[in-house]
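The values are calculated or read from the model by the stated rules, or taken from the named source; none is laboratory data. In this text, all values refer to a predicted model and were calculated from it rather than measured experimentally. Here the Cβ is made from the backbone with ideal geometry for all residues, glycine too, and neighbour counts use every protein chain on show. To get the accessible areas, we keep the full protein, side chains included, count just its heavy atoms, and leave off ligands, DNA and RNA. Shrake-Rupley method; radii C 1.70, N 1.55, O 1.52, S 1.80 Å.
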Amino acid sequence: YLWGGYADYMYLAHNSVVFKVSKDIPAEWLPLFTPIANGISWTQRTGGAIVGSTTVIQGPGQMGQGCIIAAKEAGARQIIVTGLTNDAKRLELAMEMGATHTIMVDEEDAVAKVKDITEGKMADVVLDVTAGGTEPVNMAMDLAGFNGTVVLAASHNGPVPNFNARAINHKMLTVKGVSGRDRNSILVALRLIESGKYDLDKLCTHTYPVEQTDQALATAAREIDTGVEP
């Protein structure tokens, strides 16, 4: 763990793991190692996304954007991102980052749309990186195809009502939970950031001094409307 993440100085405990990065990289890009490394770990290593696969990412937030990058790096043929109508700007960004399709689940039948896109095969990998609601869990089971893998990365609070356990048996699904990322995924993420392959400025919407940490957190939680989607 790190102490002093929002302070001018940080205390590094014994055995802290430190990675070197190029001095040419904008400081604003460096914290993005977290969503990108999570995306690599969850999408490729846990989910098993490979060349030619279909990946569905539930949630176009920062973690979802990291998963898009990871799916694209894995060579996924179809990268489908779902969100709500109030995620319109994030869904537009998802297309810019490499998604092939986006779906607004409160306006469209996501399962029917994915069925149409995949010609009935559905997804090889489904990643739930939503804000933690339980509805996406059941939807994930329906979005996954035969022998598919469902990765639950959202922090779900409590049991999932009407959980469709039958789909796990019927479609021989693999369901995995994740938390955090592994060291190798961090290294890959840092090298991707250094490569400049992706326009990460698009993921850096706000900058705050330490004195405005409360405002920064409130903006990220959408408690403050700045006119720019965080």
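Residue by residue, here is whether (1) in a helix (DSSP H, G or I); (2) in contact with a Ser or Thr (Cβ under 9 Å, 6 or more places away or on another chain); (3) among the small types (Gly, Ala, Ser); (4) open to solvent by 20 Å² or more (accessible area, probe 1.4 Å) holds:
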| site | (1), (2), (3), (4) |
| --- | --- |
| ALA37 | yes, yes, yes, no |
| ALA49 | no, yes, yes, no |
| GLY52 | no, no, yes, yes |
| ALA70 | yes, yes, yes, no |
| ASN86 | yes, no, no, yes |
| ALA94 | yes, yes, yes, no |
| VAL114 | yes, yes, no, no |
Qualifying residue in segment 15-23 (condition: hydrophobic (A, V, I, L, M, F, W, C), open to solvent by less than 40 Å² (accessible area, probe 1.4 Å) and farther than 30 Å from ALA110 by Cβ): no
Test set (1) closer than 15 Å to GLN44 by Cα; (2) assigned to a helix (DSSP H, G or I) - GLU194 fails condition number: (1)
Some residue of segment 29-51 being more than 22 Å from ILE117 (Cα to Cα) and among the charged types (D, E, K, R): yes
Long-range neighbours under 8 Å by Cβ, at least six apart or interchain, first residue closer than 18 Å to ARG90 by Cβ and among the polar types (S, T, N, Q) within segment 101-126, second surrounded by 19 or more Cβ atoms within 10 Å (Cβ to Cβ) and at pLDDT 95 or above: THR102/PRO60; THR102/ILE80; THR102/VAL81; THR102/THR82; THR102/GLY83; THR102/LEU91; THR102/ALA94
Of the criteria (1) open to solvent by 50 Å² or more (accessible area, probe 1.4 Å); (2) under 15 Å from GLY59 (Cα atoms); (3) at pLDDT 95 or above; (4) not basic (Lys, Arg), which one GLU119 fails: (2)
